[in-house]
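The values are calculated or read from the model by the stated rules, or taken from the named source; none is laboratory data. Here the structure is a predicted model, which is why all the values come from computation and not from measurement. Note that we place each Cβ from the backbone using ideal geometry, even for glycine, and neighbour counts take in every protein chain shown.
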């Protein structure tokens, strides 16, 4: 039986386009050769994750599903190590699969780097003015 702490319930998933757009709009990112992690603060006090696995970058459905399974498992097993109060969107960048240990370590390290970057970027900003998105940069 799976321990309750290792589940991936719907409350911890980003599901709607609005939730993904919020991360991409107010984001801070960190990457390595395999992954890019985008982070944005949420008001829930828990970390949530969404996946974007592009056919162009990763390949066929078998490969995309394998990436998704491995990333979900890495998130489930390492959720307590991730910064709480952040939404993360994870994008695999390589057709090559790292070992599961490298994937776990990379996810945790990149999530912390992206969260630190988000805090640094948003601690210095003023509230957005009219015509600016919440990230502080004008659209154009």
Could you give me the residue pairs with C-beta distances under 6 Å whose first residue belongs to the stretch 2-14 and is farther than 20 Å from residue 53 by Cα, whose second residue is modelled with pLDDT of 75 or more and part of a helix (DSSP H, G or I) wherever it lies, and which are 6+ apart or on separate chains?
6/76
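Could you list, in sequence order, all residues of the stretch 30-50 that are in a loop (DSSP other than H, G, I, E, B), without any contact (Cβ under 8 Å) to a residue 60 or more places away in the chain and under 13 Å from residue 88 (Cβ atoms)?
Let us first name the residues in the stretch 30-50 that are in a loop (DSSP other than H, G, I, E, B), namely 32-34, 42-47.
After this cut, where a residue has to be without any contact (Cβ under 8 Å) to a residue 60 or more places away in the chain as well, the list is 42-46.
Answer for the stretch 30-50, where residues must be in a loop (DSSP other than H, G, I, E, B), without any contact (Cβ under 8 Å) to a residue 60 or more places away in the chain and under 13 Å from residue 88 (Cβ atoms): 42, 44, 46.
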Condition first: in contact with a strand residue (DSSP E or B) (Cβ under 9 Å, 6 or more places away or on another chain) and either at positive phi or surrounded by fewer than 20 Cβ atoms within 10 Å (Cβ to Cβ) (or both). Now tell me which residues in the stretch 107-120 satisfy that.
109, 112, 113, 116, 117, 119, 120
Here's a check for you: in the stretch 55-82, which residue that is modelled with pLDDT of 90 or more and not in a helix (DSSP H, G or I) is nearest to the chain's Cα centre (by Cα)?
82
Do you know which of the residues in the stretch 8-20 that are in a helix (DSSP H, G or I) and surrounded by fewer than 14 Cβ atoms within 10 Å (Cβ to Cβ) is modelled with the lowest pLDDT?
10
Subset tally (residues that are at pLDDT below 90 and more than 22 Å from residue 12 (Cα to Cα)) for the stretch 94-140
26
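Please verify whether residue 33 is modelled with pLDDT under 90 and out of contact with any helix residue (DSSP H, G or I) (no Cβ under 8 Å at 6 or more places or on another chain), treating the condition exactly as stated.
Working: modelled with pLDDT under 90: yes; out of contact with any helix residue (DSSP H, G or I) (no Cβ under 8 Å at 6 or more places or on another chain): yes.
Judged against the criteria, residue 33 is a match.
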